[in-house]
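Notes follow once the structure below has been shown.
The values are calculated or read from the model by the stated rules, or taken from the named source; none is laboratory data. Being a predicted model, the structure only gives us computed values, none of them experimental. For neighbour counting, all protein chains shown are included, and Cβ atoms are generated from backbone atoms with ideal geometry for every residue, glycine included. Surface accessibility is based on the protein's heavy atoms, side chains included, excluding ligands, DNA and RNA. Shrake-Rupley method; radii C 1.70, N 1.55, O 1.52, S 1.80 Å.
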Amino acid sequence: EECQVTAFKNGRKLWDYTCRNDEPTELDGAAYVTTADNIVYVMDGFHLTALDAENGQKLWQNTEYGFGESAHAFDRERKILYVSGYYGPNLLGFDKSGKLVLNADDSEHYWPAIMMHNPEDNSLDLFYEGDMVTQRYHLGK
C-alpha cells in the first residue's frame, strides 16, 4: 500500500508526496511521521525521508536503516528526530540534515509503542504495549 501526504497552507494545497511500501511485511513501510521545524518526516519504502514543508522537495532519505511505522520523538532544542528501527538498530536519532547522531542497538529499546522526549534532562521515555513497561534512555547533555 501507499501513503499520500498532502500539505496545505491557509486552505490552499501546496504539494503531494506519495510514500511507497515496496516490500509489505507485518509493518507499514509507508507513513507520515511528524512535522517539525519546516520539515515533514515520512517513512517511504521503509526509509526515513525528510521533505521541505514549503514545497515538498526531498531534502534527504536514509537508506542505511529500515523503519516501519514506528514510535518517534522530536527534540526541539537540538533539532533531532528519534525513531525506533523495528528491524534494528532499535533506537536512532537524526539531525535535520539527516546525519545519524544516535545509534542505540540493544534489545532494551526494542519496538516501543510511544516515545517522548524530556527536555529537562534530555532523556527519552519509551512506553511498550502489553505490560506497559516504561524505560528512560538518558541522551546526555
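Taking only pairs six or more apart or across chains, which ones have beta-carbon atoms under 7 Å, a first residue in region 70-85 that is over 11 Å from MET116 (Cβ atoms), and a second residue that is open to solvent by 20 Å² or more (accessible area, probe 1.4 Å) and aromatic (Phe, Trp, Tyr)?
SER70/TYR86; LEU81/PHE74; SER84/TRP111; GLY85/TYR65
Condition test on GLU69, is it open to solvent by 80 Å² or more (accessible area, probe 1.4 Å), under 30 Å from LYS9 (Cβ atoms) and at pLDDT below 75?
yes
Take the residues of region 124-141 that are buried (at least 16 other Cβ atoms within 10 Å of the Cβ) and part of a strand (DSSP E or B): which is modelled with the lowest pLDDT?
TYR137
Take ALA30 and tell me if it is within 17 Å of the chain's Cα centre (by Cα), at pLDDT 90 or above, surrounded by 18 or more Cβ atoms within 10 Å (Cβ to Cβ) and not aromatic (Phe, Trp, Tyr).
no
Could you list, in sequence order, the residues of region 46-60 that are out of contact with any Ser or Thr (no Cβ under 7 Å at 6 or more places or on another chain), buried (at least 18 other Cβ atoms within 10 Å of the Cβ) and over 10 Å from TYR17 (Cβ atoms)?
PHE46, LEU48, ALA50
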